[in-house]
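Please read the structure below before turning to the comments.
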Amino acid sequence: MKVGDLVEVVQSERDRLKTPFVGQIGVIVKKTLTIIGNEDDWYDVLMRDKIRSFRTDYLGVISEGR
């Protein structure tokens, strides 16, 4: 995943935490810093109302940006 990709918020297959944003579409605007000791990437995603942060396993790429 990279900045500019169109993504959909999905339910993580490895995490039981449910997000109310499942099914919403957004655009990746920034890769955020990874927490020390955590190997998962996080991305800031521009949704219809604001920018929200999601871990990579909660995002599915719909279309790659240029």
What about I51, is it among the hydrophobic types (A, V, I, L, M, F, W, C), surrounded by fewer than 15 Cβ atoms within 10 Å (Cβ to Cβ) and at pLDDT below 95? no
Among strands (runs of 3 or more DSSP E) lying entirely in the chain, which contain 1 or more residues that are touching a Leu at 6+ places or on another chain (Cβ under 8 Å) and on the phi < 0 side of the Ramachandran plot? 6-9, 25-32, 42-46, 59-63
Could you pull out the residue among S12, S63, S53 that is in contact with a helix residue (DSSP H, G or I) (Cβ under 9 Å, 6 or more places away or on another chain) and polar (S, T, N, Q)? S12
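The values are calculated or read from the model by the stated rules, or taken from the named source; none is laboratory data. For clarity, every value in this text was computed on a predicted model and none was experimentally measured. Positions of Cβ are backbone-derived with ideal geometry, glycine not excepted, and every protein chain shown enters the neighbour counts.
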